[in-house]
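Remarks on the structure that follows.
The values are calculated or read from the model by the stated rules, or taken from the named source; none is laboratory data. None of these values were measured; they are calculated from a predicted model. Here Cβ is always computed from backbone atoms with ideal geometry, including for glycine, and neighbour counts include all displayed protein chains.
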Amino acid sequence: MSVLAVSGLNVRGDRALVSDLSFTVDAGERLGLIGESGSGKSLTALASVGLLPAGLTASGSVRLGAAEVVGASDRVLNTVRGRAAAIVFQEPLTALDPLMRVGRQVAAPLRRFGAVRGRALRAAVLDALAEVRLDDPARIARAYPHQISGGQRQRVAIAMALACRPALLIADEPTTALDVTVQAEVLSLLDGLVRDRGMGLLFISHDLAVVSKVTDRVIVLEHGVAVERGVLTDLLRAPQHPYTQALVTAARQLDTALEWS
Ligand SMILES: Nc1ncnc2c1ncn2[C@@H]1O[C@H](COP(=O)(O)OP(=O)(O)OP(=O)(O)O)[C@@H](O)[C@H]1O
């Protein structure tokens, strides 16, 4: 069953930003959306949950769980956001309130979706922080976002996204702002959590090497248009579109450079 079904999606501002895009993500399936900066990846993610910025409009169809997102009211969207899909953004501070202790922030979705209170809620917060492999969850829960590292903040953002038990996790460049070692740890964390929970994953990145670590199937976006799609290993072996060929060559060159460094 599809947890997300996008069909003929168009996003427009004063020009076409995403054009006639169609794809599905089934439960337990991982789809990578790859393309350079400005290719429409984030807008696709935002349109999928009905969060396009003001001034942009979507047409076509986005079915998220049981709801049609395109044209839906906020009332309808609020019933699916969080539960049907949760998003992790590149910059974890987007998801975190700088003035609120981490524990209270993680508690909010747990209270809302898990209906737990009091001591059980405090225990659930610590469990959620431990699940994203944060050492000393009690200390992290007491901290303000600026008192923990970028990697720890991204783990907290992941814990908050997962607290709603979403059927689909949308991860928009979740490791781009992190240094390479932390990046690898967070990718392996995401990989394990998605597998354990049987969630669908829509993983967005400009980096083919990163996408190849967590997804099996990819769509290549160029100027808002899907120019190639397929199983990642096939695409790496025999990219068809010139743009995909350029992405694969660039990733190989980087790999070779790293091997030699
Ligand atoms: N609020 C907006 N109003 C007008 N145009 C926008 C708006 N947001 C994004 N765009 C344009 O839409 C296009 C796609 O943007 P999008 O953020 O989806 O790209 P992206 O592939 O996610 O890139 P990046 O990796 O840099 O985030 C870009 O040309 C961008 O300038």
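Structure above, values below:
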{"read-out": "Test result for residue 75, exposed (fewer than 14 other Cβ atoms within 10 Å of the Cβ), at pLDDT below 95 and assigned to a helix (DSSP H, G or I)", "value": "yes"}
{"read-out": "Candidates 238, 226, 250, 171 - the one that is more than 21 Å from the chain's Cα centre (by Cα) and within 16 Å of the ligand (Cβ to nearest atom)", "value": "250"}
{"read-out": "Those helices (runs of 4 or more DSSP H) lying entirely in the stretch 164-261 with at least 1 residues surrounded by fewer than 20 Cβ atoms within 10 Å (Cβ to Cβ) and aromatic (Phe, Trp, Tyr)", "value": "242-260"}
{"read-out": "Boolean, residue 83 is assigned to a strand (DSSP E or B) and either in contact (Cβ under 8 Å) with a residue 60 or more places away in the chain or crowded, with 19+ Cβ neighbours inside 10 Å (or both)", "value": "no"}
{"read-out": "Verdict on residue 113 being within 21 Å of the chain's Cα centre (by Cα), within 14 Å of the ligand (Cβ to nearest atom) and over 22 Å from residue 12 (Cβ atoms)", "value": "no"}
{"read-out": "Residue count for the stretch 1-19, restricted to those that are exposed (fewer than 14 other Cβ atoms within 10 Å of the Cβ) and within 16 Å of the ligand (Cβ to nearest atom)", "value": "3"}
{"read-out": "Selected residue (criterion: farthest from the ligand (Cβ to nearest atom)) from residues of the stretch 190-207 that are within 26 Å of residue 36 (Cα to Cα) and not hydrophobic (A, V, I, L, M, F, W, C)", "value": "191"}
{"read-out": "Cβ-Cβ under 6 Å pairs, at least 6 apart or on other chains, the stretch 17-33 side under 21 Å from residue 234 (Cα atoms), far side part of a loop (DSSP other than H, G, I, E, B) and β-branched (Val, Ile, Thr)", "value": "30/215; 32/215"}
{"read-out": "Leading residue by the ranking (farthest from the ligand (Cβ to nearest atom)) among those in the stretch 24-60 that are part of a strand (DSSP E or B) and surrounded by fewer than 19 Cβ atoms within 10 Å (Cβ to Cβ)", "value": "26"}
